[in-house]
Amino acid sequence: MIRETMIPRSFFIALSVLLLAVLSMSIYAWYMRGRAAGPLASSDTRPVVPLVAGPTERVTLFVAYDDVGVLHAQSAQIPLPSVRQQRAEELLRALLALYLDKSSPHPLPQGSDIRSVYLVDPGLAVIDINAAFADGHRSGVLSEELTVASLIQTLSANIPGILKVKILVEGKERETLAGHADLSNFFDVSAVNQLTAQLQAAL
Amino acid sequence: MHSNRSRISGHAIRGSRSIGVAAGTLLFFAVLLVSAAAPERHLSIYSSAANYSLPIVRREGRDYIGLLELLDPQGTVSAKSEPPRWRLHCNNILGDFTVDKSHALIQGRDIDLSGKFLLENGHGLVPLSSLNALLPRFLGGPATLHEESGRLFIGSIATHFTATVPPDDASHLVFRFTAPVNPSVASEPGKLRMTFSREPLTAPASPTLTFGSKTIPSATYSENNGAAEITVTTTVPLMASFSPDGRTITLAPAKSQTTAIATGVTGSGVTGPGVTASGVTGSGPAATSAPAATPAQNTTAAQSPAASPSASVPRRYFAVVDASHGGNDRGEALSTTLAEKDVTVAFARRLRQELENRGIPTLVLRDSDANLSLDERAFFANTTHAAVYVALHAASNGHGVRLYTALLPYGGEEDRGPFRSWTTAQQSSIPLSQAAAASVAVELRKQQVSVRILTAPLRPLNNIVTAALAVEVAPPASDLSQLTSPDYQQVIASAVANGIAAIRGQLGDAP
């Protein structure tokens, strides 16, 4: 004798409603995901313009020139905040603005930016650049060396007390900038000073 | 009854399916095993411009080779792919190839390729056997192909040799070569093998040489997979020693102590299997100045004087030339078709030849398109105990040559006894490195090459314990094609070799 189990009709209705709800939620989530991804793909990759206002200061930027492979010290008048760490960031962003200009003497990839600069006592500066900066950087010993020396020398010449510098990419350590300049170690500022002197001497 | 039959036939089908799946899996793994075990075949190319090696690929049952890659070191070469056509310019000679056609037009003349022309990812592949017909058209000179052994001689280039037993000492065998050689040497019971992978060594009149010596009765010459090999039969363990100019190799019975030294060095030297797998080439026989073995090793050897099976003995190199980048790391994209890694390896081969011409034994790290990490490069350079390390780079920006010595990083761990800090291992050698760079710069200026000396945060310079410099070669002017010009490369290689040779005494005693 076979006994059939009866399933209440109300159970079927509840189950159907639940399935319908899950299906609707899935479609809605898929739609929202597409909308969220849309603007991100076409987002503006240009660096954030410093929103610093107030009194300006005269600083020295060490600017790379690819055509002759040298660094030149250039004076600039830029607005700088009073907080030491923010000063360091704005200083390097001012340097990058030169490199991102159409008439750049040392072009950097579009979207290059300084994410942050951390000043850690005693004497350590950590420069965190974004992925666009490193991924699109021109490869070559001299090209990469000019970039590294330009950043470190500009920072150390205007922010006293920096003895060593570490460069990170998107907050992480990377072996080289673009295949040559070593980023895995700490840069010795005094050694970079000497390198700058070499790079300031034209051929 | 019927259902039982169905069940039985169902089991049978499932059983046969399982057997089929198992057989298929076995076949797959068998094919995988065979293909993994099959050695990669190479074509070794010998020419006055450069000696190099390229992979041979198997297509449609024939051996093929990349024509652009083959001709690239021979002059100014460019290719344009417009499928199904592929045009190649080599030293102003135009070659017109069509996919799947077995004929090509070289300067308007029809050439039989003896097989279809293939185009893969923009790379033109020609049958290996067509090189005898193609190369003279492009290069204007003879080319001799040893198809079976994968060796190609462009122009009248060849290294000949003689083997003689000195009349006053029948236990020695002396090989004399017409050019410096640098073979890898391996011994096994009853035999000593010398493998010449980079030298255009050619066969003697007879492949088997007999000497009438009880110690060394005979030697045979053979060629295989891009290399020539001389196998010496012997009744005692033999030791090989090189003359300073690399043109003479003397085989003599190994004394127990020297055998121990050679065996000891092999264990930690650069000729181990791991190194070969990484693409380092140039192992050779031990020189008398090999590092000392421990007393324990001497004792072991004295008790067992026979050379260990397949023991290869490293030669001590004076210079290590490192062709930077390689494998997945292409370096700078110098143009759409030219990668830095290809320029550096061609230049490294040329520099090795120039150094060896000056009697400087030279090891080239990465003589193929192998991946080598920066740590591996430093490790091989340091364990070789060479007197100077030269890293080669190429760049499209600027002009002339830039010489770099290490810009040491901040701090690093302190040296502990005999152990050096890895990050600042170069510290004590910086004056020597600067002297080497200065010497090379003098020689480059003599050749009217624009040169500049800088420090650079460029690994592995800071990890090298001996004199170390990097040479970055840029075009002489704005014309990038000059970077691959044999004349330009030759001028620079020659000047760099002269610069190193000039301070050889300062860098260290030659082996």
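Where a number appears in this text, it was derived from the coordinates with a stated rule and is not lab data. Predicted model only: the values in this text are computed from it and were never measured. Backbone-built Cβ (ideal geometry, glycine too); neighbour counts: all protein chains shown.
Put simply, the C-alpha atoms of region B:136-238 give a gyration tensor, and the ellipsoid matching it has half-axes of 29, 14, 11 Å, longest first. FRET efficiency for the residue A:77 to residue B:48 pair, using the beta carbon distance and R₀ = 51 Å, is estimated at 0.25.
Listed by chain and number, the lysines whose C-alpha is less than 20 Å from the C-alpha of residue B:214, apart from same-chain residues fewer than 8 away, are B:191, B:255.
Between residue B:224 and residue B:178, the contour length at 0.36 nm per residue exceeds the alpha carbon distance by 14.4 nm. Structural descriptor for chain A: relative contact order 18 percent, calculated from alpha carbon pairs under 8 angstrom and at least 6 residues apart. Taking the helices alone, chain A has a mean residue ellipticity at 222 nm of -14000 deg cm²/dmol, built from -39,500 (n - 2.57) per DSSP H run of at least 4 residues and averaged over all its residues. If the chain linking residue B:214 and residue B:41 were pulled fully straight, counting 0.36 nm for each residue of separation and taking away their Cα-Cα distance, it would gain 58.6 nm.
Among A:122, A:105, A:81, which one shows the highest mean-square fluctuation when chain A is modelled as a Gaussian network with alpha-carbon springs under 10 Å? Of A:122, A:105, A:81, the Gaussian network model singles out A:122 as fluctuating most. Report, as a whole number in µm² per second, the diffusion coefficient that Stokes-Einstein gives for region B:42-154 at 10 °C and 1.306 mPa s using the Kirkwood radius over alpha carbon pairs. Answer, rounded: 115 µm²/s.
Taking other C-beta atoms within 10 angstrom as a stand-in for reagent exposure, B:403, B:461 fall in the order B:403, B:461, fewest first.
Assuming R0 = 41 Å, can you tell me the calculated FRET efficiency for the pair residue B:328 and residue A:200, based on Cβ-Cβ distance, to the nearest 0.05? Plugging the Cβ-Cβ distance into 1/(1 + (r/R0)^6) gives 0.70. Each residue of region A:55-70 was assigned a 3J(HN,Hα) from its phi angle through the Karplus curve 6.51 cos²θ - 1.76 cosθ + 1.60 (θ = phi - 60°); the sequence is x, 9, 10, 8, 10, 10, 9, 9, 9, 7, 10, 5, 4, 10, x, 10 Hz, with glycine and proline shown as x. Taking the square roots of 5 times each eigenvalue of the Cα gyration tensor of region B:319-507, largest first, gives ellipsoid semi-axes of 25, 19, 15 Å. Taking a ≥ b ≥ c as the square roots of the eigenvalues of the Cα gyration tensor, region A:56-200 is rounded, since a/c falls below 1.5. In straight-distance terms, cross-link reach from residue B:80 covers every one of the lysines whose alpha-carbon lies under 30 Å from its own, apart from those fewer than eight places away in the same chain; here that gives B:101, B:116, B:341. Taking every alpha-carbon pair under 8 Å whose residues sit at least 6 apart, region B:319-507 reaches a relative contact order of 28 percent. The slack between residue B:169 and residue B:137, meaning 0.36 nm per residue of separation minus the straight C-alpha distance, is 6.5 nm. Our coupling estimate for region B:353-362, obtained by passing each phi through the Karplus curve with A = 6.51, B = -1.76, C = 1.60 and θ = phi - 60°, is 4, 5, 5, 5, 4, 9, x, 9, x, 10 Hz, Gly and Pro reported as x. Please give the per residue volume of the convex hull enclosing the alpha carbon atoms of region B:448-493, rounded to a whole number of Å³. So the per-residue Cα hull volume is 109 Å³. Bridging of residue A:164 to lysines at a Cα separation below 29 Å is possible for A:172, once same-chain residues fewer than 8 apart are set aside.
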